[in-house]
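K.L.:
Dropping the structure in here first, questions after.
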Amino acid sequence: MLTKPNPSSTTLYSSPQEIESHVVRFIMAEKNIERDVFNLKIDEMPEEILELNPCQSLPTLFDRGIVLYDLSVIMEYLDERFPFPPLLPVDPIEKSEKRLMIFRFTRSAGCWFELAETIETGSKKEADEARKILKSNLIELVPLFAYKPYFKSDEMTIVDACLAALLWRLKKLDIDLGAPGKAVTDYAKRLFARDSFKECLTDCEKEYN
């Protein structure tokens, strides 16, 4: 498989099953970005790209000669580089609120992405505890999921891209929110119904639901 970046195109090196790569693929599909997407393992990336990513991690984005490799950096770069449709508000207060949500869900200690990883890779005891915490956290925020069509927003934002990738994996993580989580399930269905979400799924991710 040819994985060399095309200088005239935006290139994403993506894991076919990891949650952060799914988020970026969703955002790129939502913005209808002309792109090359390579779903691969980290050791299959071109050497020149790996050398510019000291973390040697996926997802990794190549665009205009630069290499980006942190999820938040990639998401905000894509939103500024390809501004339509906008996935972050213009107002600095609202934008900061969205950034804090993203940090809470994807980067803070004990965040939802970390809990999902623990469920998949931890010991049975660690996985059971992480599953219990993640389910409780989702149920706790039911009012926010029910408040507007998207998470605290009338329009989709990158917060929703992060949540969609997580919620798509709930069945795989053996989490059933039941009747108390109906608002979360309804919210997830709205995101899953988007053409961009369907388009961004890899073959293995299609099997999660």
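K.L.:
What single numbered condition from (1) open to solvent by 30 Å² or more (accessible area, probe 1.4 Å); (2) closer than 21 Å to Glu207 by Cα fails to hold for Ile42?
P.N.:
Tallying (1) open to solvent by 30 Å² or more (accessible area, probe 1.4 Å); (2) closer than 21 Å to Glu207 by Cα, Ile42 fails exactly one: (2).
K.L.:
Out of the residues in segment 51-66 that are open to solvent by 20 Å² or more (accessible area, probe 1.4 Å) and aliphatic (A, V, I, L, M), which is nearest to the chain's Cα centre (by Cα)? Outline the logic, then answer.
P.N.:
First, the residues of segment 51-66 that are open to solvent by 20 Å² or more (accessible area, probe 1.4 Å): 51-52, 54-58, 62, 64-66.
Keeping just the survivors that are aliphatic (A, V, I, L, M) gives 52, 58, 66.
Numbers: Leu52: 22, Leu58: 12, Ile66: 21 Å.
Filtering segment 51-66 for residues that are open to solvent by 20 Å² or more (accessible area, probe 1.4 Å) and aliphatic (A, V, I, L, M), the one nearest to the chain's Cα centre (by Cα) comes out as Leu58.
K.L.:
Further, regarding this structure: Of all the residues that make up segment 67-98, how many are among the hydrophobic types (A, V, I, L, M, F, W, C) and either within 23 Å of Leu144 (Cα to Cα) or within 14 Å of the chain's Cα centre (by Cα) (or both)?
P.N.:
Taking segment 67-98 as the starting set, the residues that turn out to be among the hydrophobic types (A, V, I, L, M, F, W, C) are 67-68, 71, 73-75, 78, 82, 84, 87-88, 90, 93.
Checking the rest, the ones that are also either within 23 Å of Leu144 (Cα to Cα) or within 14 Å of the chain's Cα centre (by Cα) (or both) come to 71, 73-75, 78, 87-88, 90, 93.
Selection size over segment 67-98: 9.
K.L.:
Those residues that are more than 14 Å from Tyr77 (Cα to Cα) and open to solvent by 10 Å² or more (accessible area, probe 1.4 Å), I need them from segment 10-28; list them, please.
P.N.:
The first filter runs over segment 10-28 and keeps only residues more than 14 Å from Tyr77 (Cα to Cα), leaving 13-22, 26.
Pro16, Gln17, Glu18, Ile19, Glu20 - these are the residues of segment 10-28 that are more than 14 Å from Tyr77 (Cα to Cα) and open to solvent by 10 Å² or more (accessible area, probe 1.4 Å).
K.L.:
Same structure, new question: Looking at (1) open to solvent by 10 Å² or more (accessible area, probe 1.4 Å); (2) assigned to a helix (DSSP H, G or I); (3) touching a residue at least 12 places away in the same chain (Cβ under 8 Å); (4) not basic (Lys, Arg), which is the one condition that is false for Asp36?
P.N.:
Answer for Asp36: the failing condition is (2).
K.L.:
Now, a different point. Is it the case, given these coordinates, that Lys132 is open to solvent by 60 Å² or more (accessible area, probe 1.4 Å) and without any contact (Cβ under 8 Å) to a residue 40 or more places away in the chain?
P.N.:
Details: open to solvent by 60 Å² or more (accessible area, probe 1.4 Å): yes; without any contact (Cβ under 8 Å) to a residue 40 or more places away in the chain: yes.
Taking the combined requirement at face value, the residue satisfies it.
K.L.:
Is it fair to say Arg64 is in contact (Cβ under 8 Å) with a residue 24 or more places away in the chain and among the charged types (D, E, K, R)? Give the steps one after another, and end with the answer.
P.N.:
Values: in contact (Cβ under 8 Å) with a residue 24 or more places away in the chain: no; among the charged types (D, E, K, R): yes.
Considered against the rule, which asks whether it is in contact (Cβ under 8 Å) with a residue 24 or more places away in the chain and among the charged types (D, E, K, R), Arg64 comes out as no.
K.L.:
Further question on the same structure: Does segment 80-93 contain at least one residue that is basic (Lys, Arg), closer than 21 Å to Thr60 by Cβ and either open to solvent by 20 Å² or more (accessible area, probe 1.4 Å) or assigned to a helix (DSSP H, G or I) (or both)? Steps first, answer last, please.
P.N.:
Initially, segment 80-93 is screened for residues basic (Lys, Arg), giving 81.
Imposing the further condition that a residue be closer than 21 Å to Thr60 by Cβ reduces the set to 81.
Imposing the further condition that a residue be either open to solvent by 20 Å² or more (accessible area, probe 1.4 Å) or assigned to a helix (DSSP H, G or I) (or both) reduces the set to 81.
Yes; the residues of segment 80-93 include at least one that is basic (Lys, Arg), closer than 21 Å to Thr60 by Cβ and either open to solvent by 20 Å² or more (accessible area, probe 1.4 Å) or assigned to a helix (DSSP H, G or I) (or both).
K.L.:
Tally up the residues in segment 151-209 that are among the basic types (Lys, Arg) and closer than 18 Å to Glu140 by Cβ, please. Talk me through it step by step, then tell me what you get.
P.N.:
As a first pass, look at segment 151-209 and keep what is among the basic types (Lys, Arg): 152, 169, 171-172, 182, 189-190, 194, 198, 206.
Next, from what is left, pick out any that are closer than 18 Å to Glu140 by Cβ: 152, 182.
Adding up the residues that qualify gives 2.
K.L.:
Within segment 175-202, can you find the residues that are open to solvent by 30 Å² or more (accessible area, probe 1.4 Å) and either modelled with pLDDT under 95 or over 19 Å from the mean Cα position of the chain (by Cα) (or both)? Don't jump to the end; show me each part of the working.
P.N.:
Let us first name the residues in segment 175-202 that are open to solvent by 30 Å² or more (accessible area, probe 1.4 Å), namely 176, 178-180, 182, 185-186, 189-190, 192-195, 198-199.
Of everything in segment 175-202, those that are open to solvent by 30 Å² or more (accessible area, probe 1.4 Å) and either modelled with pLDDT under 95 or over 19 Å from the mean Cα position of the chain (by Cα) (or both) turn out to be Asp176, Gly178, Ala179, Pro180, Lys182.
K.L.:
With the structure loaded, tell me whether Leu144 is farther than 20 Å from Lys31 by Cα and crowded, with 20+ Cβ neighbours inside 10 Å or whether it fails that test. Spell out how you get there, then give the answer.
P.N.:
Working: farther than 20 Å from Lys31 by Cα: yes; crowded, with 20+ Cβ neighbours inside 10 Å: no.
Here the answer is no, as Leu144 does not meet what is asked.
K.L.:
Going through segment 62-117 one residue at a time, which ones are closer than 22 Å to Leu134 by Cβ, aliphatic (A, V, I, L, M) and in contact with a helix residue (DSSP H, G or I) (Cβ under 9 Å, 6 or more places away or on another chain)?
P.N.:
Residues satisfying the conditions are Leu71, Met75, Met101, Ile102, Leu115, Ala116.
K.L.:
Show the residue pairs that are 6+ apart or on different chains and have beta-carbon atoms under 6 Å apart, the first residue being within segment 181-208 and in contact (Cβ under 8 Å) with a residue 12 or more places away in the chain and on the phi < 0 side of the Ramachandran plot, the second being of a type in the set (Gly, Ala, Ser) and surrounded by 15 or more Cβ atoms within 10 Å (Cβ to Cβ).
P.N.:
Leu191/Ala164; Ser196/Ala29; Glu199/Ala29; Cys200/Ala29
The values are calculated or read from the model by the stated rules, or taken from the named source; none is laboratory data. In this text the structure is predicted, and so the values were computed from the model without any measurement. When we count neighbours, we look across all protein chains shown, and the Cβ atoms used for this are built from the backbone with ideal geometry, even at glycine. The accessibility values were calculated without ligands, DNA or RNA, using every heavy atom of the protein model including side chains. Shrake-Rupley method; radii C 1.70, N 1.55, O 1.52, S 1.80 Å.
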